[in-house]
Structure formats: structure tokens, C-alpha cells
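Have a look at the structure below, then the notes.
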């Protein structure tokens with residue numbers, strides 16, 4: 001070998017081409033979703049933070065932090081806030097679930113395939129959908 005030739009090795013991948021998740025948008029945090037639902041319900045009832053906080057027996061600043069998604073509340077605090085709004089805890093969680101599913105579906109992006117350009121990337125199964133592989 002002459003001194004001008006380089007000693008570069010050729011890399012041969014041992015693994016098959018795999019799907020790599022695209023840098024997806026972050027999933028929404030539950031505390032943000034629950035806070036949005038609490039605020040929306042309070043405002044729909046045209047009630048003040050003070051009124052709902054007093055009915056829930058929590059401080060007004062704490063309720064404000066809950067609505068803004070800044071605190072991770074206990075189930076007892078969530079139940080108190082829900083009851084102050086005339087909701088059961090299950091109702092609050094059901095509304096939050098619907099919102100979380102809606103937000104998650106709009107934020108998901110299909111994975112990119114590395115090394116394959118002719119076939120489109122497979123999308124993740126949707127809730128309730130079953131896929132079988134042979």
C-alpha cells in the first residue's frame with residue numbers, strides 16, 4: 001500500500017433495516033390536560049377561582065396552579081375540585097381521557113424508515129385496533 005492510500009474499512013450492517021421513531025412531538029402531560037378540563041368546566045359555569053376553591057376546601061393559589069398544570073394533585077384534591085364543580089371524579093377523568101386521546105392523535109407522527117424509500121412507513125395501531133404479524 002502506498003502512503004497516499006487510506007485504510008478505510010467498509011461497514012456492512014448485520015441487522016435488517018428497522019423503523020426508527022421520528023422525533024415526535026411530546027405527549028401532553030396529564031396534569032396539563034386535567035388542569036385545562038378543570039378551568040374549562042369552571043369557566044363554563046361562570047364561577048370564580050375563589051368560589052370553586054372555597055367549595056373544594058383548597059387554596060385559591062393552589063387551584064390556580066392546578067388549572068395551569070403546575071401541580072400534580074392527589075386523587076383526593078382532584079375529587080374535591082371535581083365535586084366543587086358538580087362532577088364526580090370519574091366524570092373529570094373521563095373528560096380528561098377524551099381530551100388526552102384527542103391531543104395524542106393529533107401529536108403522533110408515523111415512524112421513519114431508515115434505508116427504505118420505496119415503501120411508506122407503517123402507522124401505529126389506533127386504540128382498539130389489532131394487527132397480526134405472520
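Can you name every residue in the stretch 66-82 that is surrounded by 15 or more Cβ atoms within 10 Å (Cβ to Cβ) and on the phi < 0 side of the Ramachandran plot?
Of the stretch 66-82, the ones surrounded by 15 or more Cβ atoms within 10 Å (Cβ to Cβ) are 66-67, 69, 71, 73, 77-82.
Once the filter is applied, which keeps residues that are surrounded by 15 or more Cβ atoms within 10 Å (Cβ to Cβ) and on the phi < 0 side of the Ramachandran plot, the stretch 66-82 yields 66, 67, 71, 73, 77, 78, 79, 80, 81, 82.
Scan the stretch 36-85 for residues that are under 26 Å from the mean Cα position of the chain (by Cα) and in a loop (DSSP other than H, G, I, E, B) and jot them down.
Within the stretch 36-85, 68, 69, 70, 71, 72, 73, 74, 85 qualify.
Is it true that residue 124 is more than 16 Å from residue 27 (Cβ to Cβ) and either modelled with pLDDT of 95 or more or out of contact with any helix residue (DSSP H, G or I) (no Cβ under 8 Å at 6 or more places or on another chain) (or both)?
Values: more than 16 Å from residue 27 (Cβ to Cβ): no; either modelled with pLDDT of 95 or more or out of contact with any helix residue (DSSP H, G or I) (no Cβ under 8 Å at 6 or more places or on another chain) (or both): yes.
No, not satisfied.
The values are calculated or read from the model by the stated rules, or taken from the named source; none is laboratory data. Since the model is a prediction, treat every value here as computed from it, not as a measurement. Here Cβ is always computed from backbone atoms with ideal geometry, including for glycine, and neighbour counts include all displayed protein chains.
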